[in-house]
Amino acid sequence: MNRLKIFGDVKIFDNVHIGEDTIIYGPAIIGQPPRGKADGELSLILGKDSIIRPFTTIYAGSKIGNNFQTGQGTSIREDNLIGNNVSVGTNAVLEFENKIGDFCRIHSGCFLEMVTLGNYVFIGPNTVFTDDPHPMNCPKYKECGGGAVVGDMVKIGANCTFLPAVKIGRGALIGAGSVIVYDIPEMMVAAGNPAKVIKKIEELSCKIKAYERPYLWPPYNEQK
């Protein structure tokens, strides 16, 4: 038996598959057909043990894993593939064709389109990923642009902007307020506008001396 709990005004369209023990707080719209598609033409899969908070809209045509959470006012468009244990914060927007790994935290006010995130990626509030190098309406923009590709265990500070198609290596740290124009190698710290590599992760220090340096706790201490 699917132990789905609904509180308030929730619209669920046809061809929506919701895992057990999921909680949805209205007002919310689940399975909204994208423009040009009929009700139920595309499926929406939402995993078990998820929490959908008020004013969230999730479009049909996406697949979302278990233990998913949204903040208030989250918008998730079609063609998103989202792993397990992912959180998308208040007023964040996932436009089309994002691929989100497991255990990712996308904070409030973020915008992603055609972005690929590995596992255990943290994205600070109000971070924007762009995907079109010369808007508007270039018919070839997907071929020369597209969103960023972000490796496993990357940490991104608040208010960052990523230009199209940049690649962020595994375990990198991006300082708050940075504008990322170029690729960043793995296990490096980058900051600034444009962002530049300033040190290695292993050169960081713990301000309160609780650890030899930051990121010596799971899962980061498993990085090779």
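Bear in mind these aren't lab numbers, they're just calculated from the coordinates by the rules spelled out. Nothing here was measured: the structure is a model prediction, and the numbers come from that model. We place every Cβ from the backbone using ideal geometry, glycine too, and count neighbours over all the protein chains shown.
For segment 110-137, what are the residues that are among the hydroxyl-bearing types (Ser, Thr, Tyr) and in a loop (DSSP other than H, G, I, E, B)? Let's see the steps before the verdict.
Initially, segment 110-137 is screened for residues among the hydroxyl-bearing types (Ser, Thr, Tyr), giving 116, 120, 127, 130.
Tyr120, Thr127, Thr130, listed by residue number.
Which one is farthest from Gly151 (Cα to Cα) among residues in segment 199-212 that are of a type outside the set (Phe, Trp, Tyr), surrounded by 11 or more Cβ atoms within 10 Å (Cβ to Cβ) and free of Cβ contacts under 8 Å to residues at least 12 places away in the same chain?
That would be Cys206.
Here is a list: Arg170, Arg213. Which entry is assigned to a loop (DSSP other than H, G, I, E, B), within 29 Å of Glu97 (Cβ to Cβ) and not hydroxyl-bearing (Ser, Thr, Tyr)?
Arg170
Residue by residue through segment 94-111, note down the ones that are within 13 Å of Pro125 (Cβ to Cβ), of a type outside the set (Gly, Ala, Ser) and surrounded by fewer than 21 Cβ atoms within 10 Å (Cβ to Cβ). Break it down stepwise before answering.
In the first step, residues of segment 94-111 are kept if they are within 13 Å of Pro125 (Cβ to Cβ); the result is 105-111.
Still in the list and also of a type outside the set (Gly, Ala, Ser): 105-107, 110-111.
Residues satisfying the conditions are Arg105, His107, Phe111.
Which number in (1) at positive phi; (2) surrounded by fewer than 17 Cβ atoms within 10 Å (Cβ to Cβ) marks the one condition that Met187 misses?
It fails just one condition, (2).
Give the number of residues within segment 147-159 that are farther than 25 Å from Glu222 by Cβ and free of Cβ contacts under 8 Å to residues at least 40 places away in the same chain. Please lay out each step first, then the result.
Filtering segment 147-159 down to residues farther than 25 Å from Glu222 by Cβ leaves 147, 158-159.
If we keep only those that are free of Cβ contacts under 8 Å to residues at least 40 places away in the same chain as well, we get 159.
Total meeting the criteria: 1.
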